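Student: My questions will all concern the structure given below.
The values are calculated or read from the model by the stated rules, or taken from the named source; none is laboratory data. In this text, all values refer to a predicted model and were calculated from it rather than measured experimentally. Counting neighbours? That spans all protein chains shown, and the Cβs are built from the backbone with ideal geometry, glycine included.
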Amino acid sequence: MSRCQIIHQLIQRITDSGNSIVITGKASGGTAPYKYAFYQTIQDGSRKVIRDFSTNSTASVKLSPGYYKIECIIKDSAGKTSPKVFYNITVKRRNSTALKNLSITQTSVIGVGNELKITGKASGGYQPYKYASYYSLDGKNYTKISDFNKSAFSSVKLSKPGFYTIKTIVKDIAGKTETKLINVTVKKDTGKIMTLSSSINVGALVDQGASATVKATAYGGSQPYKYAYYYKIDSGSWQVLKTFGTNTSAVFKFANKGQYTLKVSAKDAAGKIIDKTFSVNSIAPSSYTASGVNKGNKNVNYGFSVSISAQNKGSGSKYAFYYKKVGTNVWSTLQGYSSKQSVWFRPRYTDKYLVLAYTKVGSTLYPVTYYVTPVIDNRVYTAMNLVNNERKKASLNPP
């Protein structure tokens, strides 16, 4: 019994916004007279009555841009209804502006395992639109959340903490697409107090032009973490080496002479920030040779120690000692500033060393330099060769 048809000039059932769609119900069989009802269902699944049951077999409707299903139901006088007949209708509209993707997520920070809701939004182009969405963890390959669909709504549960990129693509009816990337942090609360472990691979003294690597690892708080790196010279203002990101290390070059402070900051997913700083003095070679007191060469038998002294500038002076192999630019600390004016230095290799002794009075530094050369006695040399030969026989490296 019965059939319905849509009367419209476009067989493809695509029409422009503002045009009327005419639906005509036709019936046969059953028990006359018949009544007709007409409905529309839009892309989010909601159903709206165009006209309820009546003896009028024709209805018309003007629809805003979108994807619709038109439904016609025919009922005879005995109360029997016909099978539902659906027609898919696309109502389009050309905007005067270019297509824009305005999609959003309901939050930029969410807990592990919670549902992240994504809402597709667009303007311009040819309405209506279809939407697709994807996610990527820490810049890796994208995983599909939803393929192109008439529904503007999608959601995903992200099971790992990390920094995600949500990619939304909107496509208009003309096939034009626009992509939008949205950053979302998925956090995991560890229940522990946030701490920061960081290190630097140089000591308190370097030559101008040397480089250092700062490393950082955060624990506790809310995962995941981001790290930022800064520096300043003397009492100057902080300069950004690296803004907050996932890099757990940064390389810094001491381009100028002065007292550097390097700072690493860790930020957890809850926004808590903790810092750690390192102080490194960058010196030019002229500051410990030409302008300092050069005590010349000191020879010492290999394996033995030599005494190194700083200048005596009276009571209240503090003394510090540093050493390095000649030809390198990173110093090791023999003694930090203290009241002890002399130290013992034992070269561990046969290379020539430079030892720098500082006397500090207030903020003024007085450097003294020593060149220390280990000397190998013939008897020691012979003994070393014997030991090395025996180690070689045992497939061992020299000590």
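Student: Residues in region 62-75: is at least one surrounded by 12 or more Cβ atoms within 10 Å (Cβ to Cβ), basic (Lys, Arg), free of Cβ contacts under 8 Å to residues at least 24 places away in the same chain and not assigned by TED's automatic domain parsing to the domain that holds SER123?
Tutor: The first filter runs over region 62-75 and keeps only residues surrounded by 12 or more Cβ atoms within 10 Å (Cβ to Cβ), leaving 63-75.
Those left that are additionally basic (Lys, Arg): 69, 75.
Retained after the next criterion (residues that are free of Cβ contacts under 8 Å to residues at least 24 places away in the same chain): none.
The answer is no; no qualifying residue exists.
Student: Next question, about the same structure. Test TYR260 against the stated conditions and say whether it is at pLDDT 95 or above and over 30 Å from ALA228 (Cα atoms).
Tutor: Spelling it out, it is not the case that TYR260 is at pLDDT 95 or above and over 30 Å from ALA228 (Cα atoms).
Student: Then there is this: Would you check if LYS263 is in contact (Cβ under 8 Å) with a residue 40 or more places away in the chain and not hydrophobic (A, V, I, L, M, F, W, C)?
Tutor: No: the conditions fail for LYS263.
Student: Here are the criteria: (1) surrounded by fewer than 16 Cβ atoms within 10 Å (Cβ to Cβ); (2) assigned by TED's automatic domain parsing to the domain that holds THR105; (3) small (Gly, Ala, Ser); (4) farther than 30 Å from LEU99 by Cα. Tell me which single one GLY162 does not satisfy.
Tutor: Condition not satisfied by GLY162: (1).
Student: Looking at LYS276, LYS267, LYS295, LYS257 in this structure, which one is within 20 Å of LYS324 (Cβ to Cβ) and outside the structural domain of TRP344 (by TED's automatic domain parsing)?
Tutor: LYS257 is the lone residue from the list that is within 20 Å of LYS324 (Cβ to Cβ) and outside the structural domain of TRP344 (by TED's automatic domain parsing).
Student: Counting only residues that are at pLDDT 90 or above, farther than 20 Å from GLY296 by Cα and either charged (D, E, K, R) or buried (at least 19 other Cβ atoms within 10 Å of the Cβ) (or both), how many does region 336-379 have?
Tutor: 2
Student: Follow-up. Which numbered condition trips up ASN247, out of (1) in contact with a Phe, Trp or Tyr (Cβ under 8 Å, 6 or more places away or on another chain); (2) crowded, with 16+ Cβ neighbours inside 10 Å?
Tutor: Checking ASN247 against (1) in contact with a Phe, Trp or Tyr (Cβ under 8 Å, 6 or more places away or on another chain); (2) crowded, with 16+ Cβ neighbours inside 10 Å, the one that fails is (2).
Student: Which of the strands (runs of 3 or more DSSP E) found entirely inside region 85-164 contain at least 3 residues meeting this: of a type outside the set (D, E, K, R) and over 30 Å from ALA27 (Cβ atoms)?
Tutor: Details: elements: 85-94, 109-111, 115-119, 129-137, 143-149, 153-157.
Passing ranges, in order: 109-111, 115-119, 129-137, 143-149, 153-157.
Student: Do we have ILE193 as surrounded by 15 or more Cβ atoms within 10 Å (Cβ to Cβ) and of a type outside the set (D, E, K, R) here?
Tutor: No, not satisfied.
Student: What do you reckon, is ALA250 part of a loop (DSSP other than H, G, I, E, B), among the hydrophobic types (A, V, I, L, M, F, W, C) and closer than 30 Å to VAL112 by Cα? Break it down into steps so the answer makes sense when it comes.
Tutor: Values: part of a loop (DSSP other than H, G, I, E, B): no; among the hydrophobic types (A, V, I, L, M, F, W, C): yes; closer than 30 Å to VAL112 by Cα: yes.
In short, no.
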